[in-house]
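Worksheet for the structure shown next.
The values are calculated or read from the model by the stated rules, or taken from the named source; none is laboratory data. This structure is a prediction, so every number in the text was calculated from the model and none was measured. Heads up, the Cβs are rebuilt from the backbone with ideal geometry, glycines too, and the neighbour counts pull from every protein chain shown. Side chains are part of the model used for accessible areas, which takes the heavy atoms of the whole protein and leaves out ligands, DNA and RNA. Shrake-Rupley method; radii C 1.70, N 1.55, O 1.52, S 1.80 Å.
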Amino acid sequence: MALVEQSLRGRGVDELSSLTRDGIEIRPLYADGPGRPEAAAAADPKRPERGWDVRQHHEVAVDDGLGELRRSLEADLAGGATSVELNLPADVDGDCLDRLLGGVDVAATPLALAPHAGLGAAEALLAVAALRGAGLAPGSSLGLDPVGEWARSGRRADCVRAAGWAASAELGPGVRVFHVDAVRYADAAATEAQALGWATATGIAYLRALVQAGLDVDAAASLIGFRMACTADQFLTIAALRAARVMWARAVTASGGSPKAARQYQHAVTASHMYSRRDPWVNLLRGASAALAAGVAGADAVTVLPFDHASGAVDDDGALARRLARNTQLLLLEESQLARPADPAGGSFYVESLTEQLASEGWRVLQDVEASSGIEAAIDGGALAAAMEESWQRRLGGLRTRREPVTGVSEFPLLNDPAPASAADPDDAEGGAGLPARRLAEPFEDLRDAADRHHVATGDRPAMWVAALGSAAAHSARTSWTRNLLAAGGVEARGATGVDSPVAAAADFAASGLAAAVITGTDDMYRLRGTATVAALSDAGAAFVALSCDPGTPAELLAALRSAGVKEIWHDDIDVVAALERLHRTLGVA
């Protein structure tokens, strides 16, 4: 610590700390740890030596025919996927599903149904297994999640009926009926602790229903799996998945279950809220980081969503994105040998501390839910939706100010990147009655969409003149920052070559034919030429003049420039979305 303080040259170590959305402090250095979390034996992953299941997701639309989908599924399995997740329509039947699965050995390949509420899809999958005279492979899941479906869609589901059916169903070993989908909470803007608490509360609701249907605790717990979100925040994801195992182990053992039954089955899915429609190739990096985190955390199965999940397929059949999604995991497993260590993050003071704090915060959320009559009451009374909206509004502030940047969208956008086709989000709430599916890039993508519509309608991209004062060495930092800001709203920056006088700045602007200008340069240059340049630009016809500076630019200098006619002051930590919306109105962008 003494060496750290010496390197900081008078600054305190606390200045380098940050807070998660749950208020957990992330310190720059961990010199000790809390020891292994409670229930560590149940929290440790126990995966087979080959590693986790590489699980590929498929949307099934019966009306579109099954031939192409069947070929895609077979290509995935031949290309390295070891299990499949299917999002089936409610009216699917066993014959249709049997045709889709074709030559897939259902007794050897784990098949998971994406979480849903109806029994029809689950019965169809069991019918396929019965038709072929074999049980489902261990690791398969029937995907029942009536509580999660209620939260997602607003349609009340019958948990008791589903539990009664599950208790009487003929299942093989390692097949789960209920699959708690915490991804739905994460994609609606829940914090990590909220998602952990609500997922555990949902699992407890299923545990109670199964016990009431006649099963003992161990048998009931064996029918419940969890679908968890993983994001590009690697360490937070690692700690969250480890904390989820700690919490579920504690809940099961407190209910009278054995430590073996208390082990949580985890299917980790790259969260769709981090995927961008714009510059979708960056999603390859996000997916790789999230998959790495899930593997290190000990997930039993991992699904990497295709990089064009939010934008629509970049090729005719989506084969490229599916292949890259598979290969992301295969590289981690076969090249990096990531699954060989039992718990790669174990013993890290940082990860152990973060795991314990997340488990503690998640348990507090769980206790609040249980004290209010359980997760179903929280959904029915609107408490869940209200907490999610509050969490989203807090996060939205960081997104709009770019304190939480989205690469390729709010930072380093590709201005001339073709507008993507809209892709319907399969996780979006139907009818708007339940939890919305949100994406972090949306506030800026809406601006880009508006700018593209303007471009199509007028034949010209919305643009702003950059009056860069002085030499390139003097103005380049703020000019680059300004170009980046404008591009985030789909606005082209023109000019920016540097001018030696207000007269030259005005002449260049007048020749551009534009209606708005922004001045860039150093504070010293602003003192020397700032007010005169503002006046000259206004005289040349600029209806809107902005200024780029730093948060530390002297207030008296800014006041003088405002008096001269500057309408907007742009610097780090402003509400960038609001600033770009005002600029759009000035430029006539609808």
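Please work out whether region 142-280 counts as rounded, prolate or oblate from its C-alpha gyration tensor, where a ≥ b ≥ c are the square roots of the eigenvalues and a/c under 1.5 means rounded, while otherwise a/b larger than b/c means prolate and anything else oblate?
Working: a/c = 2.13, a/b = 1.52, b/c = 1.40.
Prolate is the answer for region 142-280, as a/c is 1.5 or above and a/b outweighs b/c.
Give me the percent of accessible area attributable to carbon and sulfur for region 437-531, probe 1.4 angstrom. Provide the component values of the computation, followed by the final result.
Numbers: 1950 of 3590 Å².
Roughly 54 percent, rounded to a whole number.
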- Message: Please list, in order along region 80-90, the HN-Hα scalar couplings obtained from phi with the Karplus expression 6.51 cos²θ - 1.76 cosθ + 1.60 (θ = phi - 60°), rounded to whole Hz, x for Gly and Pro.
- Response: x, 5, 10, 7, 9, 10, 10, 9, 8, x, 5
- Query: What Kirkwood hydrodynamic radius, in Å, does region 110-212 give when the mean of 1/r is taken over all pairs of distinct Cα atoms and then inverted?
  - Reply: 14.1
- Item | Inter-label distance for SER168 and GLU556, nm, one decimal - labels placed 7 Å from Cα along Cα-to-Cβ | 8.5
- Query: Angle between the Cα long axis of helix 349-371 and the longest principal axis of the chain, 0 to 90 degrees, nearest 10?
  - Reply: 70
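Would you mind working out the accessible area per residue for region 43-181, using a 1.4 Å probe, and quoting it in Å²?
39
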- Would you kindly work out the equivalent ellipsoid of region 207-354 from its C-alpha gyration tensor and give its semi-axes, the square roots of five times the eigenvalues, largest first in whole Å? 32, 19, 13
- Quick one: Cα convex hull volume of region 529-569, Å³ per residue? 58
- If each of ALA90 and ARG582 carries a label point 7 Å out from its Cα toward its Cβ, how far apart are those two points in nm? 4.8
- Round to the nearest 10 and give me the degree value, 0 to 90, for the angle of helix 502-512's Cα axis relative to the longest principal axis of the chain. 60
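If the chain between LYS567 and SER480 were fully stretched, how many nm would it gain, using 0.36 nm times the residue separation less the Cα-Cα distance? Mind dumping the intermediate values first?
Details: separation 87, 0.36 × 87 = 31.32 nm, distance 2.05 nm.
Extra length from LYS567 to SER480 when fully extended: 29.3 nm.
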- Item | Cα Rg, Dmax, region 86-147, angstrom units | 10.7, 34
- If you stretched the chain out fully between ASP216 and ARG155, how much longer would it get, using 0.36 nm times the residue separation minus the C-alpha to C-alpha distance? 19.0 nm
- Message: Cut-off 15 Å, label point 7 angstrom out along Cα-to-Cβ of LEU16: give me the residues of region 332-363 whose amide nitrogen falls inside.
- Response: 350
- Other-chain or far-sequence residues with amide H under 5 Å of GLU85's (modelled H): GLN56, HIS57, HIS58, ALA112
- Item | Burial order of peptide ranges 539-548, 8-17 (average beta-carbon count within 10 Å, highest first) | 539-548, 8-17
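Which percent of the accessible area of region 139-291 is formed by carbon and sulfur heavy atoms (probe 1.4 angstrom)?
Working: 2360 of 4300 Å².
Whole-percent figure for carbon plus sulfur exposure: 55.
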- Within the P(r) computed for region 269-340, what percentage of the Cα pairs occupies the region above 21 Å? 22
- Find how much the distance from ARG453 to ASP317 grows on full extension, using 0.36 nm per residue of separation minus their present alpha carbon separation; answer in nm with one decimal. 46.3 nm
- Item | Distance (nanometres) between label positions extended 7 Å along Cα→Cβ at ALA383 and ASP500 | 7.1
- Asserting the computed 222 nm helical MRE of the chain (DSSP H runs at least 4 long, -39500 (n - 2.57) per run, divided by residue count, to nearest 500) equals -14000 deg cm²/dmol
- Message: Can you give me the long-range amide H partners of TRP570? Hydrogens built in the peptide plane at 1.01 Å from N, cutoff under 5 Å, separation of 5 or more residues or another chain.
- Response: LEU547, SER548, CYS549
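Rounded to two decimals, what is Rg over Rh for the chain when you use alpha-carbon atoms and the Kirkwood radius? Could the numbers behind the result be given before it?
Values: Rg = 27.2 Å, Rh = 26.2 Å.
So for the chain, dividing Rg by the Kirkwood Rh gives 1.04.
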- Quick one: Karplus J couplings for region 236-243, per residue in order, coefficients 6.51, -1.76, 1.60, θ = phi - 60°, nearest Hz, x for Gly and Pro? 5, 5, 4, 5, 5, 5, 5, 5
